[in-house]
Amino acid sequence: MSQSRSVSATVLGSHLGLVYAFLYIPILVLILLSFNKSGLPTAWGGVSLKWYTALAHNTAILSAALNTLIVALSATLIACVLGTFLALGIELRRKGNDKGQVVDTLLMAPMIIPDIVLAIALLSFFNLLKVGLGLHSIIISHAVFNIAFVCAVVRTRLKHFDYSILEASIDLGASWFTTLRRVLLPVIFPGVLAGGLLSFTLSVDEFIIAFFNSGSGQASTTLPMQIYAMIRFGVTPEINALATLVMLVSITALLASQRLNKAPRTHE
Amino acid sequence: MNNSSAVLILDKVSKSYGNGLAVNEVSLSIRENEFFALLGPSGCGKTTLLRMLAGFETPSGGCIYLDGNDISPLPANKRPLNLMFQSYALFPNMTVRKNIAYGLEMERLPESEIRRRVDEVLNTAQLGELAERKPDQLSGGQRQRVALARALVKRPRVLLLDEPLGALDKKLREKMQLELKRLQHESGITFIIVTHDQEEALVMSDRMAVLDGGKVCQCGSPTELYENPNSRFVANFIGVSNLLEGVRSGPHSVRVNGHELSVETDAPSVSGQSVAVVVRPERLQVLTEQGGDCANQVSGKIVEIAYHGLDTNLHVQTPLSDKPLIVRVPSSQFEFAHFAIDTTIRLGWQARHARVLTR
């Protein structure tokens, strides 16, 4: 009995190990190569930071990084404001009961629709409105799917929300605006921040939608687009270094988001 | 009713949802400095009524007068009434002190006065040491005290309490019942409490109204409602009752299952009317020998003995009804050897202890 148990534990354990290896070994290789002095994927020439130094002197990459930062921050800001009020509007109306599945599905759509479809749709939309393409169109495009993510995260937060505290605030003489400012927003703020970090992460490495809606020229090239352009001439160690940095930013934001989004401690 | 001392008057207040009436033409007059209980089973409309007083629901009909002024058009944040929520509804992002100060800050009082009044309330509610804690660091009883302090510090004309003790365990609840009564007395503020717990209402309130199906069944002091219920519903809802269904057979008699019972009642005698005779368990006596001064007597078999510590309830099956009669005997007078299940005993009660209910 105990033997068969330990056998199955071993099998399951090694299976888990293999899956993790499959997932993470390519990333580990990438990180290692970014420190490879020789610059060749086949030969290890010792540890060096020279590819990172090279990055810092590549103006194309730096301007792309700046563009990405502008896009991600702006789209996140728009998404946080609109997504939060969207979530509040829906949940305050509904107060816990689960009617209105159609609204839910419609809200989720930008998260689920294939990026390529959303990209083409937005491009057609901008053409129709005769809006020129550039950083602003990427920002608006990113805001579209980011709103859905922020809204989803904030709504999760609101599921645990005790709505009577809003009435308590009114009962104690506060106006709706004061209640929003002093009670509602502070209580759901961790959720908003979590949604914001998530949408920032998504925005930083989004390629397809940005690629379709950027127009031409270096002025509206984001980091993923820059990497794509560089990679057409082969994977350089510089790209490995860049990818490592992007991953670091993404993982940090994602971990912070998850930590913030843990359900608030509930009273028993 | 003496309206001159009434703080709050409800005049035919109704609330309808869709086709149903949650509150149906409720008229009540609540006096200055009174502890008033709204009692009823869940769904009787008591919470809706309270929320209309607080301003969170708009009546579909009727008026609510506070000190003679119709407050129906006033929004919740402009009414000099405060509500203590069942869930306490403390602000999780603020300390105890901030929670209590919130209502005073909304009145834009000077900071020194806010500080003084908050300190004062923290003291009365024995929350001094907890002032800098957040609500999630408090026990249920402490949270309850903070919620109460937060409402009281505003010195409302009327404090509304929605099932304030519902979330506490039995021991703490009994302690807080007396505590609430003391606070009400000391503050001189009128309290209106909503509860489904009849014992709570009996212990705490000066007067109470029993609600059922959105209507007031009966309103009066706890003693009045307990001793003189006006309907089967009230008799059943408050305390334990022995209800005997029968037919009125004379000015002082009711026939129950072929037995003539004598009663004293003011209810007009309508021969042949279906009525119920109600006798409280503590009014039933166990007769040791024949006779005694009891006008009504009946024999029965003990089917169950429920020991409650202070007293013991005997369930006695009699020919008067299908349900056994419940007799409350003080445990100190209870000789266990004499009473065992299946023993036949004789019960009696006086005519003046039986009430006749027509509704």
Whole-Å distance linking the alpha carbon centroid of region A:70-149 with that of region B:68-143 is 40
Per DSSP, the loop-located chymotrypsin sites (Phe, Trp or Tyr not before Pro) within region A:201-262 having at most 11 other beta carbons within 10 Å are A:Phe233
To the nearest 10 degrees, the tilt of helix A:185-204 (Cα long axis) against the first principal axis of the alpha carbons of chain A is 30
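Take peptides A:146-156, B:278-288 and line them up by average Cβ neighbours within 10 Å, highest first, as a rough protection proxy. List each step's numbers first, then the result.
Details: A:146-156: 24.3, B:278-288: 18.5.
Most protected by this proxy first, the peptides run A:146-156, B:278-288.
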If each part is reduced to its alpha-carbon centroid, region A:175-194 and region B:258-272 end up apart, in Å, by 65
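Quick check on packing: order B:133-140, B:346-353, A:77-84 by the mean number of other C-beta atoms within 10 Å, highest mean leading. Write down the numbers at each step before the final one.
Working: B:133-140: 15.5, B:346-353: 18.0, A:77-84: 21.1.
Highest mean packing first, the order is A:77-84, B:346-353, B:133-140.
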Cβ density ranking, 10 Å radius, fewest first, applied to B:Leu152, A:Leu107, A:Leu172, A:Leu32 yields A:Leu32, A:Leu107, B:Leu152, A:Leu172
Note: B:98-105 gets an average of partner chain Cβ contacts (10 Å, Cβ to Cβ) equal to 3
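P(r) tail for region A:51-260, what percent of Cα pairs lie past 21 Å?
59
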Quick calc, region B:240-357, dipole around Cα centre from Cβ unit charges on Lys, Arg (+) and Asp, Glu (-), nearest 20 debye, gives 240
Once Lys and Arg are counted +1 and Asp and Glu -1 for all other residues with Cβ under 15 Å from that of A:Cys151, the total becomes +3
In debye to the nearest 20, the charge dipole size for chain A, taken about the Cα centre with +1 at each Lys and Arg Cβ and -1 at each Asp and Glu Cβ, equals 200
Sorting A:Leu260, A:Ile70, A:Gly89 by the position of each Cα along the dipole of region A:51-260 (Lys, Arg +1; Asp, Glu -1; all at Cβ), the one nearest the positive end of that ordering is A:Gly89
Excluding residues fewer than 8 positions from A:Lys50 in its own chain, the lysines with Cα under 26 Å of it are A:Lys37
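Roughly speaking, what % of Cα-Cα pairs in region B:238-337 are separated by over 18 Å, rounded to a whole number?
Values: 2506 of 4950 pairs.
Percentage above 18 Å: 51.
How do B:Asp162, B:Asp266 rank when sorted from fewest to most other Cβ atoms within 10 Å of their own Cβ?
Numbers: B:Asp162 22, B:Asp266 6.
The order, fewest Cβ neighbours first, is B:Asp266, B:Asp162.
Add +1 for every Lys or Arg and -1 for every Asp or Glu among the other residues with Cβ under 15 Å from the Cβ of B:Asp67, and state the total.
Every neighbour counted, the sum reads +1.
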Within 10 Å of the Cβ of an average residue in B:204-213, the count of other chain Cβ atoms is 0
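Exposure proxy check: A:Arg182, A:Arg93, B:Arg145, B:Arg115 ranked by fewest other beta carbons within 10 Å? Please report the intermediate quantities before stating the final value.
Working: A:Arg182 19, A:Arg93 11, B:Arg145 24, B:Arg115 14.
Ordered from fewest to most neighbouring Cβ atoms within 10 Å, A:Arg182, A:Arg93, B:Arg145, B:Arg115 come out as A:Arg93, B:Arg115, A:Arg182, B:Arg145.
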Sorted by chain and number, the residues with a modelled amide H under 5 Å from that of B:Ser60, at a separation of 5 or more or across chains, are B:Ser14, B:Lys15, B:Ser16
Shape call for region B:104-191, from the Cα gyration tensor axes a ≥ b ≥ c (a/c under 1.5 means rounded, otherwise prolate when a/b beats b/c, else oblate), comes out oblate
Placing one equal point scatterer on each C-alpha of chain B and summing with Debye, one gets log10 I(q)/I(0) at q = 0.06, 0.11 Å⁻¹ equal to -0.30, -0.85
Counting other chain Cβ atoms within 10 Å of each Cβ in B:272-279 and taking the mean gives 0
For the protein assembly as shown, one quarter of the surface area of the C-alpha convex hull, expressed in nm², comes to 46.2
Filtered hits (lysines, Cα-Cα < 23 Å from B:Lys154, offset >= 8 within chain) -> B:Lys78, B:Lys98, B:Lys134, B:Lys181
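Here, each number is a calculation from the coordinates, and none is a lab measurement. A quick note: this is a predicted structure, and the numbers were derived from the prediction, not measured. Every residue, glycine among them, receives a Cβ derived from its backbone with ideal geometry; neighbour counts consider all protein chains shown.
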